[in-house]
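Working notes, structure below.
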Amino acid sequence: MNSYIKAQILNITTITKTFEQACEMAAMKDDGKISREEEKQLKKIKAASQKFRKELESIK
């Protein structure tokens, strides 16, 4: 595989993991805890992010 494409895949994989963590921190920012609604949203975000990473990793 082209090393530049491989580097971009690694980059976006790292970004999606950081995005998941940032969303968790944002959910706790307003009141210090994650509500039931926020938990549902985070679960969907995490599932979509993991699906995207899995798809990218299958390209390698």
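Restricting attention to the range 38-60, and to residues there that are open to solvent by 90 Å² or more (accessible area, probe 1.4 Å), of a type outside the set (A, V, I, L, M) and modelled with pLDDT under 95, which single residue is farthest from the chain's Cα centre (by Cα)?
Applying the filter and picking the extreme gives Lys60.
Mind checking which residues of the range 13-37 are within 30 Å of Met1 (Cβ to Cβ) and either touching a strand residue (DSSP E or B) at 6+ places or on another chain (Cβ under 9 Å) or open to solvent by 90 Å² or more (accessible area, probe 1.4 Å) (or both)?
Lys17, Phe19, Gln21, listed by residue number.
For the range 2-11, give me the residue count where each residue is surrounded by 12 or more Cβ atoms within 10 Å (Cβ to Cβ) and among the β-branched types (Val, Ile, Thr).
Of the residues in that region, 1 qualify.
The values are calculated or read from the model by the stated rules, or taken from the named source; none is laboratory data. Since we're looking at a predicted model, the values are computed, not measured. In this analysis, Cβ positions are derived from the backbone assuming ideal geometry, glycine residues included, and neighbour counts consider all displayed protein chains. Heavy atoms of the whole protein, side chains included, go into the accessibility calculation; ligands, DNA and RNA do not. Shrake-Rupley method; radii C 1.70, N 1.55, O 1.52, S 1.80 Å.
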